[in-house]
1. Here is a list of conditions, (1) out of contact with any Asp or Glu (no Cβ under 9 Å at 6 or more places or on another chain); (2) over 30 Å from Asp29 (Cα atoms); (3) at pLDDT 90 or above, and His127 meets all of them except one; can you say which number that is?
2. Looking at (1) touching a residue at least 40 places away in the same chain (Cβ under 8 Å); (2) farther than 25 Å from Thr168 by Cβ; (3) not small (Gly, Ala, Ser), find the lone condition where Tyr111 falls short.
3. Return yes or no: is Ala100 of a type in the set (Gly, Ala, Ser), closer than 17 Å to Phe33 by Cβ, modelled with pLDDT under 90 and touching a strand residue (DSSP E or B) at 6+ places or on another chain (Cβ under 8 Å)?
4. Could you please tell me which pairs satisfy a Cβ distance under 8 Å, a separation of 6+ or placement on different chains, a first residue in region 72-89 that is open to solvent by 40 Å² or more (accessible area, probe 1.4 Å) and modelled with pLDDT of 95 or more, and a second residue that is small (Gly, Ala, Ser) and part of a loop (DSSP other than H, G, I, E, B)?
5. Go through region 90-123 and report how many residues are more than 11 Å from the chain's Cα centre (by Cα) and of a type outside the set (Asp, Glu).
6. Quick check on region 150-189: of everything there that is open to solvent by 10 Å² or more (accessible area, probe 1.4 Å), part of a strand (DSSP E or B) and at pLDDT below 90, which residue is nearest to Ala131 (Cα to Cα)?
7. Identify the single condition in (1) open to solvent by 70 Å² or more (accessible area, probe 1.4 Å); (2) modelled with pLDDT of 95 or more that Asn147 does not satisfy, given that it satisfies every other one.
8. Of all residues in region 114-169, how many are of a type in the set (Ser, Thr, Tyr) and touching a Ser or Thr at 6+ places or on another chain (Cβ under 6 Å)?
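The values are calculated or read from the model by the stated rules, or taken from the named source; none is laboratory data. Quick caveat: nothing in here was measured; it's all calculated off a predicted structure. Note: ideal-geometry Cβ built from the backbone for every residue, glycine included; neighbour counts use all protein chains shown. Keep in mind that these areas ignore ligands, DNA and RNA; they rest on the heavy atoms of the full protein, side chains included. Shrake-Rupley method; radii C 1.70, N 1.55, O 1.52, S 1.80 Å.
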Amino acid sequence: MTHRRWWKGLVVWLWLSLLVGAGLAQAVDARRFIEIYGSGGWTRVQQWHQLMNRLEGVPVRRQLREVNDFFNRLRFTDDISVWGRKDYWATPQEFLGAGAGDCDDFAMAKYLTLRELDVPESSLRLHYVKALRLNQFHMVVTYQAANTRNPDVLDNLNSSILPASERTDLLPIYSFNGSALWMSKRLEGGERISDSRGLSSLTDWQKRRADGVLRVPLRKRP
């Protein structure tokens, strides 16, 4: 794993501890949004809001399934193809507007949407893994219910939510959520190596989101 990937994970972990609770689906100006992303992008954002309204208070298994399916409709590609940059952290609005993104965008959008739906932070983790079939680094979300040892994996490479024990195509490296960072060679457990208490820095991602920055993609998707 490259140093850049490790550092990126640390920074993502930092802002996760500060983000949820601030209102993930903030209002955006419809006219401006459509000018940048087209009517298709605006439709996807509205569908996202409708999804969260519909899933509020329903059983967590349904939330997992529908959130996973919703974002997996978007196109999986690299940041160069969408934004013209090697590494760009799209906000959920930018991701939905563009209709495409890399694995980090899929995983973070799912994680943050589930947290907005009050799925317990203690049950959710973001995992950096190596996707063995693609021979590249990848990110997934896991959900681990209380008193279980085999978490479920939400992934854009495989849209079926499967137990971690069945995802032998993924080699775990480390995981994190808004509270802690773990090193692990499995998709469950691991050695907790730090916590997020006392961290207060804002990342570029947070600032762009707070300022309502909407990056223009290389081309609009219908």
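1. With (1) out of contact with any Asp or Glu (no Cβ under 9 Å at 6 or more places or on another chain); (2) over 30 Å from Asp29 (Cα atoms); (3) at pLDDT 90 or above applied to His127, the lone miss is (3).
2. It fails just one condition, (2).
3. On the way: of a type in the set (Gly, Ala, Ser): yes; closer than 17 Å to Phe33 by Cβ: yes; modelled with pLDDT under 90: no; touching a strand residue (DSSP E or B) at 6+ places or on another chain (Cβ under 8 Å): yes.
When the stated conditions are applied, Ala100 does not pass them.
4. Arg75/Gly99
5. Step one: filter region 90-123 for residues more than 11 Å from the chain's Cα centre (by Cα), giving 93-94, 96-100, 116-123.
Still in the running and of a type outside the set (Asp, Glu): 93, 96-100, 117, 119-120, 122-123.
Summing the residues that are more than 11 Å from the chain's Cα centre (by Cα) and of a type outside the set (Asp, Glu) in region 90-123 gives 11.
6. Only one residue fits best here, namely Pro172.
7. (2) is the only condition that Asn147 fails.
8. Our first condition is that a residue be of a type in the set (Ser, Thr, Tyr); within region 114-169, this holds for 122-123, 128, 142-143, 148, 159-160, 165, 168.
Cutting the leftovers down to touching a Ser or Thr at 6+ places or on another chain (Cβ under 6 Å) gives us 143.
Total meeting the criteria: 1.
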